[in-house]
Amino acid sequence: MTLTIWLLFMAVSLLPAISPGPGILLVISNALRFGRNAALWSGAGNAFGLLILGYAVTLGLGALMAASAMLFTVIKVAGAVYLLYLGIKLLRDKSAFKIDTSAPVVKRSNRQFFMTALIVSVTNPKAIIVIAALFPQFIGDETGNLANISILTFTYATMCYLNHIALAIFGGRLREYLQSDETVKWLRRTLGAAFIGFGTALATFTR
């Protein structure tokens, strides 16, 4: 792969990398609720999921899903249910986003943040379709070339992770201003509804 083609790929994939989606929403939510470190681990989980999808789609999962309506439906429903679960959980958690130094801190491991983001990433058929539509345009006839597949996959995952780092920094700073109960309630309901909205849209999504 030439440098020109690689730079063109970066330019074309920039919009999909920064466009809002479940992965970005999860990073923002974790940054606000648990701080910058949680958001960085969420971003890493999302990026790792994209690495899995990049190889899987270019090596045949995309074609398999196109041929199998049942497989497509299973992945779609799994992703939708998980997003709905996250949204409902956030709406019910009245302590979410509250910055109270006297309250006990909810402990969550880095592994939990990572795995949650990974599940959201690999069960999102839209991400699979974006990769399936974008990558072949730059691999061309060399669909079996692992070097080119690796370049595109790692490039796209890295671009998404850099975007998540920026969101983690922004969310971590915004967290310092969450002192108003009304603001916290509004934010919790907005993000919870957004998760449910993504889940509902995913459940009704057709190819």
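Based on the mean of other Cβ atoms within 10 Å per residue, sort peptides 3-16, 44-57, 150-163 so the most packed one is first.
On the way: 3-16: 13.1, 44-57: 21.9, 150-163: 19.4.
Listed from highest to lowest mean packing, they are 44-57, 150-163, 3-16.
Send over the per residue convex hull volume for the range 5-45, Cα only, as a whole number of Å³. Could the numbers behind the result be given before it?
Details: hull volume 3.0 nm³, N = 41.
Expressed per residue, the convex hull around the Cα atoms of the range 5-45 is 73 Å³.
Taken together, the values in this text are just the output of simple stated rules run on the coordinates, not laboratory data. Since the model is a prediction, treat every value here as computed from it, not as a measurement. Note that we place each Cβ from the backbone using ideal geometry, even for glycine, and neighbour counts take in every protein chain shown.
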